[in-house]
Amino acid sequence: MSDETTHMHGNGEKGLAISFLVTLVILVAEVIGGIVSNSLALLSDAGHVVADAFAIVLSIAAVRISKKPSDARATYGYHKTALLAALINGMSLLVIAGFIFVESYERFLAPPSINTPVMFGVAVGGFIGNIVMVLALKGHHEDLNVKSAWFHVLGDTFSSVGVIVSSIMIALTGWIYADPIMSVLISIVISVGGILVLKDVLRILFDLTPRGYDVERLSQKIAGIPGVIGIHDVHLWSVSHDNVAFSAHILMDDRALSEAEKVKKSIEYVLAEEKIAHTTLQMECTPCANGELYCRWNQTNKKNETNFSRRHVWERLLS
């Protein structure tokens, strides 16, 4: 792990720790305030704060575990721990949004009376606390793990704004339905955050091409390097949010090993310019049976299995 990445993780962990302490204060205030004022918007916001606390603790644990170096058990390291935390946090956002939506519907059917001064005061305090947390995590949400916690906090900030607005509307107009309506809007905001996090997580889990990368453009750039005849069986994926990996078969003319190494270094330099540090290049001087840019893994795998079975039969017959 680079010094820059380690520094980023360290600052991100500090921001998460500050956010956790602020979250606990907001949670106590909103639970008491929600019960006293009888506000669903405030209680739903408190429920979201509980998830915030869980998300932040999970993110802190994931940051610490992901710092562990690679070993014989995990040759790629423990980066996927942060990905798992982001997946759980993203799913929890959708679950919270669902609970808020159901409770909002029930309050539409039977709206209760609400103590707006208490609702407003607690919501303002919660909003200030959320702003502190947003600033604490600012600049670190490139990390998908921290980003998932940041969406929890950002959603809670919008929730606090919604509670403030609904409390003012109820105080001025007496329209009690402002509370469940605002709760529905809060659930929508939370859902959007959850979906965005899950999309990024699934992109990594399915080994899809990382955002901002064009495989064909990158392959053409490599093919234009002197000494390279062709490139095939290309793979470009994310090991984690900040660790992009690349592998490919490079076809070149028959030349000395030292010259082939120079070509390899040139390719690695091009990839480094694209912020791809982890590369696996197989240098070849004879064409592959499958010379396509993208590897047909299933077909290749089946053919290898067939060849292995035939070889195994002949070995048994000749033994």
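The values are calculated or read from the model by the stated rules, or taken from the named source; none is laboratory data. All values reported here derive from a predicted model rather than from experimental measurement. Quick reminder, even Gly has a Cβ in these numbers, built from the backbone with ideal geometry, and neighbours come from all protein chains shown.
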Scan region 65-80 and tell me whether some residue there is surrounded by fewer than 17 Cβ atoms within 10 Å (Cβ to Cβ) and either in a helix (DSSP H, G or I) or in contact with a helix residue (DSSP H, G or I) (Cβ under 6 Å, 6 or more places away or on another chain) (or both). yes
Of the residues in region 230-256, those that are surrounded by fewer than 18 Cβ atoms within 10 Å (Cβ to Cβ), modelled with pLDDT of 90 or more and aliphatic (A, V, I, L, M) come to none
request  = Could you check, for region 77-96, whether at least one of its residues is over 25 Å from D207 (Cβ atoms) and either out of contact with any Cys (no Cβ under 7 Å at 6 or more places or on another chain) or among the hydroxyl-bearing types (S, T, Y) (or both)?
outcome  = yes
For region 261-282 the number of residues that are part of a helix (DSSP H, G or I) and of a type outside the set (S, T, Y) is 11
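This table checks each residue for (1) within 19 Å of the chain's Cα centre (by Cα); (2) aromatic (F, W, Y).
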residue	(1), (2)
L109	no, no
P112	no, no
P117	no, no
F120	no, yes
I128	no, no
K138	yes, no
A149	yes, no
S159	no, no
When (1) modelled with pLDDT of 80 or more; (2) under 30 Å from D242 (Cα atoms); (3) crowded, with 16+ Cβ neighbours inside 10 Å are applied to L137, the one that fails is (1)
The condition from (1) touching a helix residue (DSSP H, G or I) at 6+ places or on another chain (Cβ under 9 Å); (2) crowded, with 16+ Cβ neighbours inside 10 Å; (3) closer than 30 Å to H79 by Cβ that Y213 misses is numbered (1)
Within region 237-260, residues being part of a helix (DSSP H, G or I) and more than 16 Å from A223 (Cα to Cα) number 3
Of the candidates F158, F120, F99, F151, the one satisfying the condition of being more than 28 Å from R203 (Cβ to Cβ), in contact (Cβ under 8 Å) with a residue 24 or more places away in the chain and assigned to a helix (DSSP H, G or I) is F120
Contact list, first residue from region 46-63 and more than 13 Å from V95 (Cβ to Cβ), second anywhere and aromatic (F, W, Y) and part of a helix (DSSP H, G or I), beta-carbon distance below 6 Å, six or more apart or interchain, is I56/F20
The residue from V201, V189, V163, V184 that alone is assigned to a helix (DSSP H, G or I) and either closer than 19 Å to I60 by Cα or in contact with a Lys or Arg (Cβ under 7 Å, 6 or more places away or on another chain) (or both) is V201
The residue from V201, V153 that alone is buried (at least 23 other Cβ atoms within 10 Å of the Cβ), within 22 Å of the chain's Cα centre (by Cα) and either over 27 Å from L43 (Cβ atoms) or of a type in the set (S, T, Y) (or both) is V201
Any residue in region 283-304 that is surrounded by fewer than 14 Cβ atoms within 10 Å (Cβ to Cβ), at pLDDT 65 or above and in a helix (DSSP H, G or I)?
no
All conditions in (1) surrounded by 18 or more Cβ atoms within 10 Å (Cβ to Cβ); (2) more than 22 Å from A97 (Cβ to Cβ); (3) out of contact with any Leu (no Cβ under 7 Å at 6 or more places or on another chain) are true of A171 except (1)
